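I have placed the structure first, in the form of structure tokens, so that the comments after it can refer back to it.
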Amino acid sequence: MKDLLSVCDIQGEVEYILELAEKIKHGEIEDKPLEGKTLAMIFQKSSTRTRVSFDVGMYQLGGRGIFLSSQDLQMGRGEPISDTAKVLSRFVDGIMIRATKHRDVEELSKYATVPVISGLTDLEHPCQALADVLTIKEHFGDLKGRKLTFVGDGNNVCNSLLLIAPMLEMDMAVACPKNYIPNKEILKKAKKIAEKNNCEIIVTSDKQEALKDTDIVYTDVWVSMGDEKEELQRKKDFMPYQVNNELMNLANSNAIFMHCLPAIRGEEVTSDVIDGSQSVVFDQAENRLHAQKAILYYYLK
Ligand code: CP
Ligand code: NVA
């Protein structure tokens, strides 16, 4: 198990990594476990949370991160990903990459001889999903039997949640317009895991059905990086799925609101919800650091 490209890569290990993240967060690990180790961090897209949390995480574990914008790398001028993978593997102990195309990350992983960790692609965002379940566990004290409802675009963030939720025996619903359902392959895998673990996955355009008895209401931007050309159409299609107080009232009264951030207030979520008492978005953002330190420890130690 060398790489983390999909939540599927840590199937069977999620609970262990979560416990590790809790230990790390509470200072219960040895000092500088990654002393002398280096992580190359390739970014083909913008980032605040992923970039800073990986960089700070490496530093706090005693190692260092090297930020590499793909535009500045020779990769940006056409050097093959395979050569980049082989060369970086001679210098560093791990490679983190945020890429436009998931298949580019698969190509990198094929040729790299050090662990490759995805920091988001068009298909998945596994590190985000780990931080999210850590946040849910901290808030409710448990995960099993909880229901998470993702409202909006069946995108990369939604795909990773669909995989991680049933692994932890959580139910998950996706409320989305018909043209924006999650990736079919992911959905198939998620349903298989759910069946094995006795939990439920539903995808529906009916908000009421999706939000019934839900503990967690989760949304993400309507226009992900790379979808900018569809901006106008998307804003029209997703407006009925805006997370506002009326929508929050369809969930349990003690439900929490989550968002991977960055958020656009007035689009996918209203200010009163994201800045209100049910929102845990900044605890969730902080947990990117703790969850990723656990991932780094697990993959690089
Ligand atoms: N949630 C997340 O991945 O944020 P960034 O795009 O800022 O890294
Ligand atoms: N779905 C968003 C997530 C950003 C963290 C995107 O891909 O742009």
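The values are calculated or read from the model by the stated rules, or taken from the named source; none is laboratory data. Bear in mind the structure is a predicted one, so any value in this text is a computation, not a measurement. As a convention, Cβ positions derive from the backbone with ideal geometry for all residues, glycine included, and neighbour counts pool all protein chains shown. To get the accessible areas, we keep the full protein, side chains included, count just its heavy atoms, and leave off ligands, DNA and RNA. Shrake-Rupley method; radii C 1.70, N 1.55, O 1.52, S 1.80 Å.
With q set to 0.13, 0.21 Å⁻¹, the log10 of I(q)/I(0) for the stretch 142-301, from the Debye formula over equal scatterers at the Cα positions, is -0.60, -1.48. Once the Cβ-Cβ distance of residue 198 and residue 52 is raised to the sixth power relative to R0 = 35 Å, the FRET efficiency obtained is 0.35.
Label-to-label distance for residue 239 and residue 19 is 5.0 nm, based on points extended 7 Å past Cα in the beta-carbon direction. Remark on residue 173: its backbone amide H falls under 5 Å from those of 148, 149, 150, 202, a criterion applied only to residues 5 or more positions apart or on other chains, H modelled at 1.01 Å from N. With a 10 Å cut-off between alpha carbons and a GNM built on the chain, which of 223, 281, 87 moves the most? So, out of 223, 281, 87, the one fluctuating most is 87.
Here the convex hull built on the C-alpha positions of the chain has a volume of 120 cubic angstrom per residue.
For the stretch 144-252, GluC sites (Glu not before Pro) meeting the loop criterion (DSSP other than H, G, I, E, B) and having at most 15 other Cβ atoms within 10 Å: 200. As a ratio to 2.2 N^0.38 Å, the alpha-carbon radius of gyration for the stretch 111-174 is 1.21. Taking the accessible area of the chain, probe 1.4 Å, and keeping the other protein chains in place, the carbon and sulfur fraction comes to 45%.
For residue 256, the residues whose modelled amide H falls within less than 5 Å of its own, excluding neighbours fewer than 5 places apart on the same chain, are 216, 217. Each stretch of four or more DSSP H residues adds -39500 (n - 2.57); spread over every residue of the chain, this sum gives -12500 deg cm²/dmol at 222 nm. Each Lys and Arg contributes +1 and each Asp and Glu -1, all at the Cβ; summed about the Cα centre of the stretch 42-130, the dipole is approximately 120 debye. For the chain, the relative contact order is 20 percent, taking Cα pairs closer than 8 Å that sit 6 or more residues apart in sequence and dividing their mean separation by the residue count.
Evaluated at q = 0.23, 0.28 Å⁻¹, the base-10 log of the normalised Debye intensity for the stretch 64-129, with identical point scatterers placed on the Cα atoms, takes the values -1.05, -1.47.
Where the only charges are on Cβ atoms (+1 Lys, Arg; -1 Asp, Glu), what is the dipole of the stretch 162-301 about its Cα centre, to the nearest 20 debye? The dipole of the stretch 162-301 has a size of about 620 debye.
In summary, the convex hull built on the alpha carbon positions of the stretch 1-125 has an orientation-averaged projected area of 7.6 nm². Residues in the stretch 139-154 carry Karplus couplings, in order, of 6, 9, x, 7, 10, 4, x, 6, 10, 10, 10, 9, 10, x, 7, x Hz; the curve used is 6.51 cos²θ - 1.76 cosθ + 1.60 with θ = phi - 60°, and Gly or Pro positions show x.
Panel note: the C-alpha atoms of the stretch 222-280, placed on their principal axes, show extents of 37, 20, 15 Å (largest first). Remark: for residue pairs 25/101; 147/188; 45/144, the C-alpha separation exceeds 30 Å in 25/101; 45/144. The solvent-accessible area of residue 212, taken with every protein chain present and a 1.4 Å probe, is close to 120 Å². Summed over the residues of the stretch 54-108 and divided among them, the accessible surface reaches 54 Å² per residue at a probe radius of 1.4 Å.
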